[in-house]
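Inspection log for the structure reproduced underneath, given as structure tokens.
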Amino acid sequence: TMMEDDTAGASARKRLSSRLASLPVRRAEACVGVSDGVARAAEARFGLAPGTVRTLPNAVWTEARFKAATPAAPAPDGQKRILCCARLAPQKDLGTLITAFAMLAPQIDAHLQIAGEGPEEGLIRAKIAEMGLEDHVTLLGQHPECLSLMQSADCLVLSSLYEGSPVVLVEGLVV
């Protein structure tokens, strides 16, 4: 049938796409992942031998970076600042964060700031409007150094469904 032909064609395209995507990886001199989980997943995804992808954790802040950070402006009206530094992507589950914040907002005087950009920006803006949070949630866009934001935040949140290595939390612990 036509549907079976379309499904078979889509499956063949997916296999070809996967093989083409793995070519640069297979030819690379070295491959790294930010955690053991990411390294093992890359090996499985690209058909590499176990142990081929090395783990190289992301770096954290140095004393020089702390000194160079510019303090962020305070939250509106002295409110508590809740901060999320994340790509605006499905994995980060920012819709759930916004819903949770909407439930919390009437109980505390706080402002949610989200630093990052990505493909879900429109959906996130719509969710903020749907929940009536335009005055309580700010999308800051891409921020070159979230350290200054972390230094002035009262709370750092990460709503990700999964992370290979939650670097933003490690950075937040250092602050």
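Values in this text are rule-based calculations from the coordinates and carry no lab data. These figures come from a predicted structure and were not determined experimentally. With ideal geometry, Cβ positions are generated from the backbone for all residues, glycine too; neighbour counts draw on all protein chains shown.
Annotations
- Neighbourhood charge, 13 Å Cβ-Cβ cut-off, centred on Ala126 and excluding it, Lys, Arg +1 and Asp, Glu -1: -2
- Environment charge of Gln142, counting only residues whose C-beta is closer than 13 Å and scoring Lys/Arg +1, Asp/Glu -1: -2
- Summing Lys and Arg as +1 and Asp and Glu as -1 over all other residues whose Cβ lies under 14 Å from the Cβ of Glu43 gives a net charge of +3.
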